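Please treat every number below as a calculation from the coordinates, not as lab data. Just so we're clear, the structure is a prediction, and the values are computed from it rather than from any experiment. Using ideal geometry, Cβ is built from the backbone for each residue, glycine included, and neighbour counts are taken over all protein chains shown.
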Amino acid sequence: MRTRGYPPATPCLTELSGVDTDVVVPFYTGLFGWDAADDATGVRFTIRDLRVASARPDGADRPTWLTHISTDDLSASVTAATGAGGRILSRSDEAAVVADPAGAVFGLRAGGHGGAQLHEEPGAVCWSDLRTADTTAAETFYAAVFDWKARPGEAAPGMTYLEWWSRGRAVCGMSELPAEAAVTAHWSTTFEVADCEAAADTCVRLGGTVHQPPWDVGIGTYAGLSDPAGAAFGVISLIPELRL
């Protein structure tokens, strides 16, 4: 589905940062059927000439998918983030990169500038999640920056999951990292695919890794993967009732 513009406080783009684009471009074009073209900062990934994601060699100290969130006032959002205990890692006239108090890094984009143009179909970003050990502290921080409200969301049995709501709709989610988790607080990106099992097999064939084999999460079948550079992401094939 074509997307034109983003309301404030909504994830608007996911960007693969800190990677050798020569390594990752063949992986993602093979996995998702994306086209790739060089642009001013790195690589633009598209489907039918519509932007779905980006990649750049800088912007992070390790390969990672960075979630960018739209704002109608970049300066005010930066001020709110620092006032709530966040750190500004970089800033331009149109964007900023922020670390929340737990260290989870995300981007801010004025007016959703340069955002993705495609959603709600295979190959496009399906969802963004914050994973953090202290969900209560996260609720306080993100409420201060975006005025988000956390509400219980759908999850697999035995899993606690919260959805971030803004302007009457869920825009992204949050889950609690267990104490024994090997990773620190971070934002994660999930892409929609037509067949989760096939995507996991293709990931391995192209040199990636399957960290979480496909499993039923209620709304579909999910798998946790990483690309040859080590950047982690998820894929999900939604149940038919959720496909538009």
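Charges were assigned to the Cβ only: +1 to each Lys and Arg, -1 to each Asp and Glu. The resulting dipole of the chain about its Cα centre is roughly 420 debye. Considering only Pro57, Pro228, Pro178, the mean-square fluctuation computed in a Gaussian network model of the chain, springs between alpha carbons under 10 angstrom, is largest for Pro178. Shown here for the range 138-244: trypsin sites (Lys or Arg not before Pro) in loop regions (DSSP other than H, G, I, E, B) with at most 14 other Cβ atoms within 10 Å, namely Arg167, Arg243. Highest mobility in the GNM of the chain, judged by mean-square fluctuation with C-alpha springs under 10 Å and restricted to Thr21, Thr132, Thr41, is found for Thr41. In plain terms, the residue of Tyr28, Tyr6 with the fewest other Cβ atoms within 10 Å comes first and the most crowded comes last, giving Tyr6, Tyr28. Please check: in the Gaussian network model of the chain (C-alpha springs, under 10 Å), which one of Ser92, Ser128, Ser70 has the largest mean-square fluctuation. With Cα springs under 10 Å in the chain, the top fluctuation among Ser92, Ser128, Ser70 is at Ser92.
Listed options for semi-axes √(5λ) of the Cα gyration tensor in Å are (1) 31, 19, 17; (2) 25, 22, 18; (3) 40, 19, 16. The value calculated from this structure is the one marked (2). Exposure proxy ranking for Arg151, Arg44, based on other Cβ atoms within 10 angstrom of each Cβ and starting from the fewest, stands as Arg151, Arg44.
Estimated from the Cβ-Cβ distance and a Förster radius of 41 angstrom, the FRET efficiency linking Leu50 and Asp73 is about 0.90. Taking a ≥ b ≥ c as the square roots of the Cα gyration tensor eigenvalues, with a/c under 1.5 meaning rounded and otherwise prolate when a/b beats b/c, else oblate, which class fits the range 34-121? Here the range 34-121 falls in the prolate category. Each of Ser237, Ser226 was scored by other Cβ atoms within 10 Å of its Cβ. Arranged with the fewest first, they read Ser226, Ser237. The length gained by stretching the chain between Leu206 and Asp134 to full extension, at 0.36 nm per residue less their Cα-Cα distance, is 22.4 nm. A dipole drawn for the range 27-161 from +1 and -1 charges on Cβ atoms has a positive end, and of Ser70, Pro101, Ala150 the residue lying farthest that way is Pro101. The alpha carbon centroids of the range 34-78 and the range 88-131 are separated by 8 Å.
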